[in-house]
Amino acid sequence: ESFNAVKNKENIIITTPTYSLQVPGLVKCWIDHMSYYFHRPCFFAKKALVISTTAGAGAKSTTKYIKNVLHYWGVNHVNEIAIRCFAFNYIPDQKGLQKIYQETDKFYAEITSANLHPPSIKRIFLFNLWRSMANSEK
């Protein structure tokens with residue numbers, strides 16, 4: 001179900017809290033469940049938005065981790081928003097709201113454009129490495 005849920009969508013939005021300075025266990029289990037895509041990246045035309053919240057620290061490292069995972073799955077472009085909330089009914093200050101609006105506007109511009117970003121040399125190298133490993137198993 002998870003495979004088709006991601007594969008059949010135009011774009012991906014992942015939201016998660018930050019627990020113990022990293023992704024929660026359920027999110028990590030989902031990433032592990034989807035690990036097939038580390039070896040067979042296929043989301044080259046998809047774009048993603050990753051949002052993480054925290055009551056303390058770690059939201060940036062959480063979004064960066066998920067961003068890296070999505071890049072290894074082949075996702076073309078990833079925007080990220082890390083939000084620190086100190087209260088249950090937290091409303092971000094003006095600076096926080098500005099960052100949220102700025103990143104969501106960038107994500108909207110990405111998904112409405114037909115532009116695809118060229119892959120980095122690192123991503124091309126890793127893709128070809130995984131492809132050769134997959135072909136050698138046959």
Checked Asn89, Asn115 against criteria (at pLDDT 90 or above and not acidic (Asp, Glu)); the one match is Asn115
Restricting to the range 22-44, what's the tally of residues that are in contact (Cβ under 8 Å) with a residue 24 or more places away in the chain, exposed (fewer than 13 other Cβ atoms within 10 Å of the Cβ) and hydrophobic (A, V, I, L, M, F, W, C)? 0
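For every residue, the table says whether it meets (1) acidic (Asp, Glu); (2) more than 19 Å from Thr16 (Cα to Cα); (3) touching a Ser or Thr at 6+ places or on another chain (Cβ under 9 Å).
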residue: Met34; (1), (2), (3): no, no, yes
residue: Thr54; (1), (2), (3): no, no, yes
residue: Ile81; (1), (2), (3): no, no, yes
residue: Ile100; (1), (2), (3): no, no, no
residue: Phe107; (1), (2), (3): no, no, no
residue: Ala114; (1), (2), (3): no, yes, no
residue: Ile124; (1), (2), (3): no, yes, no
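Restricting to the range 82-124, give me the number of residues that are outside any helix (DSSP H, G or I), farther than 26 Å from His71 by Cα and without any contact (Cβ under 8 Å) to a residue 24 or more places away in the chain.
Final tally of qualifying residues: 7.
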May I ask you to verify whether Gln98 is modelled with pLDDT of 95 or more and farther than 20 Å from Val75 by Cα? no
So, in the range 5-21, how many residues would count as being open to solvent by less than 90 Å² (accessible area, probe 1.4 Å) and out of contact with any strand residue (DSSP E or B) (no Cβ under 7 Å at 6 or more places or on another chain)? 1
With the range 1-40 as the region, which helices (runs of 4 or more DSSP H) entirely inside it contain at least 1 residues that are of a type in the set (A, V, I, L, M)? 2-7, 25-33
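Return the only residue of Gly56, Gly74 being open to solvent by less than 80 Å² (accessible area, probe 1.4 Å), under 23 Å from Phe107 (Cβ atoms) and either in contact (Cβ under 8 Å) with a residue 60 or more places away in the chain or part of a loop (DSSP other than H, G, I, E, B) (or both).
Working: Gly56 fails: under 23 Å from Phe107 (Cβ atoms).
Among Gly56, Gly74, only Gly74 is open to solvent by less than 80 Å² (accessible area, probe 1.4 Å), under 23 Å from Phe107 (Cβ atoms) and either in contact (Cβ under 8 Å) with a residue 60 or more places away in the chain or part of a loop (DSSP other than H, G, I, E, B) (or both).
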Against the definition (open to solvent by less than 70 Å² (accessible area, probe 1.4 Å), under 20 Å from Tyr108 (Cα atoms) and assigned to a helix (DSSP H, G or I)), how does Ile66 come out, yes or no? yes
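The values are calculated or read from the model by the stated rules, or taken from the named source; none is laboratory data. Model, not experiment: these values are computed from the prediction. Neighbour counts run over all protein chains shown; Cβ positions are idealised from the backbone, glycine included. To get the accessible areas, we keep the full protein, side chains included, count just its heavy atoms, and leave off ligands, DNA and RNA. Shrake-Rupley method; radii C 1.70, N 1.55, O 1.52, S 1.80 Å.
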